[in-house]
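To start, the structure under review is shown below, and the notes come after it.
The values are calculated or read from the model by the stated rules, or taken from the named source; none is laboratory data. Keep in mind it's a predicted model, so treat the numbers as computed, not measured. Using ideal geometry, Cβ is built from the backbone for each residue, glycine included, and neighbour counts are taken over all protein chains shown. What goes into the accessible areas is simple: the full protein's heavy atoms, side chains included, and nothing from ligands, DNA or RNA. Shrake-Rupley method; radii C 1.70, N 1.55, O 1.52, S 1.80 Å.
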Amino acid sequence: MDDDGLVAQVAAGDDTALRELFSRHAPWLAARLRAVLPAAEVEDVLQETFLAVWRGAGGYRPGGAAGGWLWGIARRQAALLLRRRGPAAAMLPGEVTAGARQAADPAEVALARADLAAAVAALGPPGGPEREVWRLLYVEDRPVAEVAALLGVPPGTVKSRAHRARRLLRAALRTGPAAEGGPR
């Protein structure tokens with residue numbers, strides 16, 4: 001049976017179909033989640049993801065890719081987990097810590113966070129176009145269409161502002177104190 005059929009059976013209350021969907025998709029979802037979450041949190045997010053699938057299967061519209069639908073749910077569950085844990089518990093992305101020593105030292109973690117905060121400041125004042133797009137797309141994990149609707153701009157404008165925000169962040173992180181080897 002294909003994934004669309006399984007989701008339809010899940011919507012009808014078939015827990016066997018949910019188990020089959022889980023066995024098909026949990027391995028690759030876990031691999032993708034490990035890229036953005038601490039390993040200890042992946043299993044929790046997977047469980048929350050498939051609980052959300054169980055509850056929301058009736059809203060699934062066949063014809064798309066069920067894997068994409070599942071990944072969207074998993075991303076939202078990961079974002080919710082990180083939001084509940086708060087900014088102090090959120091892990092820094094690999095790009096930010098790639099040049100730094102292992103972040104076991106609390107001072108190193110604080111300095112890396114300060115570097116990241118300085119890079120975010122390079123996006124302009126809070127509420128500015130690039131900073132707002134960055135916040136909505138990458139902090140709140142909202143889709144481009146939703147960000148466009150919230151900001152009252154076309155999706156293409158959101159994408160170009162997101163591109164500019166990423167470019168500004170990369171430049172700020174490259175030229176920050178850690179990149180220069182200067183005092184911290």
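A simple count of charges around Asp2, restricted to other residues whose Cβ falls under 15 Å of its Cβ and scoring Lys, Arg +1 and Asp, Glu -1, yields -2. The phi torsions of the stretch 8-25, fed into the Karplus equation with coefficients 6.51, -1.76 and 1.60 and a -60° offset, translate into couplings of 5, 5, 4, 4, 7, x, 7, 6, 5, 5, 5, 4, 5, 4, 4, 5, 6, 10 Hz, rounded to whole numbers, with Gly and Pro shown as x. In this structure Arg174 has an accessible area near 150 Å², from a 1.4 Å probe over the protein heavy atoms. Sequentially through the stretch 79-84, phi angles give Karplus couplings (6.51, -1.76, 1.60; θ = phi - 60°) of 5, 4, 4, 5, 5, 5 Hz, Gly and Pro residues having no value and appearing as x. Find how many whole Å separate the alpha carbon centroid of the stretch 133-147 from the alpha carbon centroid of the stretch 3-70. With the stretch 3-70 and the stretch 133-147 each reduced to a Cα centre, they are spaced 22 Å.
If we sort 71-81, 25-35 on the protection proxy, mean other Cβ atoms within 10 Å, highest first, what's the order?
71-81, 25-35
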